[in-house]
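Asks: Have a look at the structure that comes next, please.
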Amino acid sequence: MKALTVVSIFIFLFFWEIFYWIFIKDPFLFSPPSRVFPTFFNIMTGRDPSFYLPADIIYSLYHYFHGFSVAVMLGVSLGLLMGYSKKFEALISPIIEILRPIPPIAWIPIAILLLKLTHAAAAFIIFIGSFFPVLINTRSGVANVEIKYIEAAMTLGAKKSDILRKVVIPSAMPSIFTGIRVGSGVAWMCVVAAELFGVSAYGLGYQIEIARLYHAPEVVLSYMLSIGLIGFLLDRFYRILEHSLMKWRRGLVVE
Amino acid sequence: MSEILSVKRLKKKFGDLLVLDDINFSVREGEFFSIIGPSGCGKTTLLRIIAGLESFEGEVLLKGREIRGPGADRVMVFQDYALFPWRNVIRNVTFGLEVKGMRKDDSLKIAREMIKIVGLSGFEEKYPHELSGGMKQRVALARALVCDPELLLMDEPLSALDAQTRLEMQEELMRIWQKTKKTVIYVTHSIEEAVYLSDRILVLSKRPAKVKDVVEVFLERPRNRFSAEFAEICLKLHSLLK
């Protein structure tokens, strides 16, 4: 399997390189991997005067965690309430259903008007993108708790608060984690959109636009590469967390 | 022996459907009391009413007090075990003690002892999906017994097991019951199982269910399933159920 991964990456790089030399051949429009990788190395290690990747990564991760952590806290708690109380669900669901289809990008003008060009504006866009997947998955996890576990807990003397903490939440945990993983993916995609408008002078999304203005596609592609890599690592991180928190599911689910 | 539970003029409807019609009986302290009846007659519903999981008309008194909702004085053991899959064996067993507010080391100690009694020592850290059906039922039994309930309610607990395991578990159940001296109300559809286990057997009629008879089993324990007396009681119950 490992060998196949390496082969697939090399085939991809090979066609990318060929594609450039046959169809484009213009360094101001596009770059082959043979140019992107040295550039990536330079901006990663500070050898480039205009771009410094580590700083941008830190800023983007800051925006991501800021927006996403609020989305998780709010999404999980509202989702729990909605799944737990039919009344609350009836009260809040119409609002959710209307707001949910509005793409995060459509919120950018309002975010900038209200919050100006600040980190909070970027975090807000990221929040909007990741809040709904977390909310929806949490709600369905809670609504689908099997009644037999609740009844078993009740006959063992559990009070309402015990049932929420010791039955409903652990039983909905796999679903909540699915929401967190999907939400994290969306949040990371929103980082680029949110930063494009120059909320700060650093950030992967901001620099990618600056590099375009410089006509430096090798820098644009380097930034794209790091966005992909970090998104992948974030997903890995949540998978590992999920796996170690939910040992009881091993053998129950085919991964 | 004194009376622990008394059921008077009990009625249960699901919408317009009358399921239980004027049920009267009482259970004595410390006895093994079974409920049998044709399938779909409402045996499980009757047990769920005693557990406090269903509404009803009439009177259900536990030691003279009217029951209101579920409580740890009447723990139920379910047909499909209903073990919490996110908790390992020992933490399933400590559940009832945790919600009572017991200190962690005390509850672990009690749970370990109970796991030993049901014969599962060494499996404390396993998760439910790693256990066989018989083992799961032992965990469910231990989880109920640590609560030290006045009544242990069992809803066809052995019906999901294969024939061999089922016979073993009947013997195990007798051993554990004699050791813990709990009052048990046991729903089953197997006449033979009821006769093997019970002091008395309540026979329900077809829906809407009424009490047909309460049959007392005077045989010495451990009972011999192949004796003439055993067969005689089975036969009697069989004709009552027709």
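The values are calculated or read from the model by the stated rules, or taken from the named source; none is laboratory data. Just so it is clear, the structure is predicted and the values come from calculations on it, not from any experiment. Neighbour counts are summed over all protein chains in view; Cβ atoms, including those assigned to glycine, are modelled from backbone coordinates with ideal geometry. Just so you know, the surface numbers come from the protein's heavy atoms only, side chains and all, with ligands and any DNA or RNA stripped out. Shrake-Rupley method; radii C 1.70, N 1.55, O 1.52, S 1.80 Å.
Asks: So, counting K/R as plus one and D/E as minus one, what does the shell of residues with Cβ under 14 Å around A:ILE210 add up to?
Replies: Numbers: positive: A:ARG212; negative: A:ASP48, A:ASP56, A:GLU195, A:GLU209, A:GLU218.
Result for the neighbourhood of A:ILE210: -4.
Asks: Helix B:104-117 against the longest principal axis of chain B: what's the angle in degrees, Cα atoms only, rounded to the nearest 10?
Replies: The two axes meet at around 60 degrees.
Asks: Taking the Cα centre as origin and putting +1 on Lys and Arg beta-carbons and -1 on Asp and Glu beta-carbons, what dipole magnitude results for the range A:54-247, to the nearest 20 debye?
Replies: Details: 15 positive and 11 negative charges, 143 e Å.
Taking the Cα centre of the range A:54-247 as origin, the dipole is about 680 debye.
Asks: Under a 5 Å amide H to amide H cut-off, with H placed in plane at 1.01 Å, what residues pair with B:THR183 once short-range neighbours are removed?
Replies: B:GLY30, B:LEU152
Asks: A follow-up question, please. Just grab the label-to-label distance for A:ILE58 and B:HIS129, each label 7 Å out from Cα along the Cβ direction, in nm (one decimal).
Replies: Spacing of the two 7 Å Cα→Cβ label points: 4.2 nm.
Asks: Semi-axes of the equivalent ellipsoid for chain A, please: Cα gyration tensor eigenvalues, times 5, square-rooted, ordered largest first, whole Å. All intermediate terms of the calculation are to be shown ahead of the outcome.
Replies: Numbers: eigenvalues 348, 111, 40 Å².
After scaling each eigenvalue by five and taking roots: 42, 24, 14 Å.
Asks: Suppose the chain between B:SER39 and B:ARG175 were pulled fully straight at 0.36 nm per residue; how much longer would it get relative to their current alpha carbon spacing?
Replies: 46.1 nm
Asks: Where does the longest stretch of chain B lie that holds no chymotrypsin sites (Phe, Trp or Tyr not before Pro) found in a DSSP loop with 11 or fewer other Cβ atoms within 10 Å?
Replies: Values: sites that count: B:PHE218, B:PHE226.
Formally, the longest exposed-site-free interval is B:1-217.
Asks: Residue by residue through the range B:192-198, which ³J(HN,Hα) values in whole Hz follow from phi under the Karplus form 6.51 cos²θ - 1.76 cosθ + 1.60 (θ = phi - 60°), with glycine and proline marked x?
Replies: 4, 5, 4, 5, 5, 8, 8
Asks: Ok, one more. Based on DSSP H assignment, which helices of chain A show an axial Cα extent of at least 15 Å together with a mean Kyte-Doolittle hydropathy greater than or equal to 1.6?
Replies: On the way: long enough: A:2-19 (26 Å, 1.97); A:33-45 (18 Å, 0.43); A:53-84 (45 Å, 1.15); A:86-99 (20 Å, 0.93); A:119-143 (35 Å, 1.38); A:169-195 (37 Å, 1.12); A:217-245 (42 Å, 0.89).
What comes out of the filter, once short or polar helices are dropped, is A:2-19.
Asks: Around B:MET102, with a cut-off of 15 angstrom between Cβ atoms, what is the net charge of the other residues, counting Lys and Arg +1 and Asp and Glu -1? List each step's numbers first, then the result.
Replies: Values: positive: A:LYS159, A:LYS166, B:ARG91, B:LYS100, B:ARG103, B:LYS104, B:LYS109, B:ARG112, B:ARG143; negative: A:ASP162, B:GLU98, B:ASP105, B:ASP106, B:GLU113, B:ASP148.
Within the 15 Å Cβ shell, the charges total +3.
Asks: Also: Count charges around B:GLU171 for me, please; just the other residues with Cβ under 12 Å from its Cβ, Lys/Arg as +1, Asp/Glu as -1. Mind dumping the intermediate values first?
Replies: Working: positive: B:ARG166, B:ARG175, B:ARG221, B:ARG223, B:ARG225; negative: B:GLU168, B:GLU172, B:GLU193.
Result for the neighbourhood of B:GLU171: +2.
Asks: I would also like to ask the following. For B:ARG87, which sequence-distant residues (separation of 5 or more, or a different chain) have an amide H within less than 5 Å of its own amide H, given hydrogens modelled in the peptide plane?
Replies: none
Asks: Then there is this: So if R0 is 56 Å, what FRET efficiency would A:PHE28 and A:LYS87 give, r being the distance between their Cβ atoms, rounded to the nearest 0.05?
Replies: Working: r = 61 Å, r/R0 = 1.08.
Approximately 0.40, to the nearest 0.05.
Asks: Could you name the lysines in cross-link range of A:LYS166, using Cα to Cα under 22 Å and dropping any fewer than eight places away on the same chain?
Replies: Result set, ordered by chain and number: A:LYS86, A:LYS148, A:LYS247, B:LYS100, B:LYS104, B:LYS109, B:LYS126, B:LYS136.
Asks: Still on this structure, I have one more. Amide H of B:LEU204: which non-local residues (sequence gap of 5 or more, or other chain) have their own amide H closer than 5 Å, using H built in the peptide plane?
Replies: Under 5 Å from the amide H of B:LEU204: B:ILE36, B:GLY37, B:LYS212.
Asks: For a Förster distance of 45 Å, can you work out the FRET efficiency between the beta-carbons of A:GLU97 and B:LYS104, rounded to the nearest 0.05? All intermediate terms of the calculation are to be shown ahead of the outcome.
Replies: Values: r = 44 Å, r/R0 = 0.98.
The formula returns an efficiency of 0.55 here.
Asks: If you roll a 1.4 Å probe over the range A:54-247 with all protein chains in place, what percent of the accessible area is carbon or sulfur?
Replies: Numbers: 6690 of 9180 Å².
Summing carbon and sulfur atoms, their accessible area is 73 percent of the total for the range A:54-247.
Asks: Related question: Let me spell out the model: positive unit charges on the Cβ of Lys and Arg, negative unit charges on the Cβ of Asp and Glu, origin at the Cα centre of the protein assembly as shown. What dipole size does that give, in debye rounded to 20?
Replies: Numbers: 60 positive and 50 negative charges, 132 e Å.
Dipole of the protein assembly as shown, to the nearest 20 debye: 640 debye.
Asks: May I ask which residue of A:ILE227, A:ILE240, A:LEU213 lies farthest towards the positive end of the charge dipole of the range A:212-252, with charges of +1 (Lys, Arg) and -1 (Asp, Glu) on Cβ and the Cα centre as origin?
Replies: Projecting each Cα onto the dipole axis, the largest value belongs to A:ILE240.
Asks: Kindly write out, for the range B:149-155 in residue order, the coupling ³J(HN,Hα) from the Karplus curve 6.51 cos²θ - 1.76 cosθ + 1.60 (θ = phi - 60°), rounded to whole Hz, with x marking Gly and Pro.
Replies: Karplus values, whole Hz, x for Gly and Pro: x, 5, 10, 9, 9, 10, 9.
Asks: Just for the protein assembly as shown, what percent of DSSP beta bridges are antiparallel, to the closest 5?
Replies: Values: 20 of 39 bridges.
Counting only bridges with both partners in the protein assembly as shown, antiparallel ones make up about 50 percent.
Asks: Within 10 Å of each Cβ in peptide B:80-91, how many partner chain Cβ atoms are there on average? Round it to a whole number, please.
Replies: Details: counts 2, 2, 10, 3, 8, 7, 13, 3, 2, 0, 0, 1.
Taking all residues of B:80-91 together, the mean is 4.
Asks: How big is the antiparallel share of DSSP beta bridges in chain B, given as a percent to the nearest 5? Let's see the in-between values first.
Replies: On the way: 20 of 38 bridges.
Looking only at bridges with both residues in chain B, the antiparallel portion is about 55 percent.
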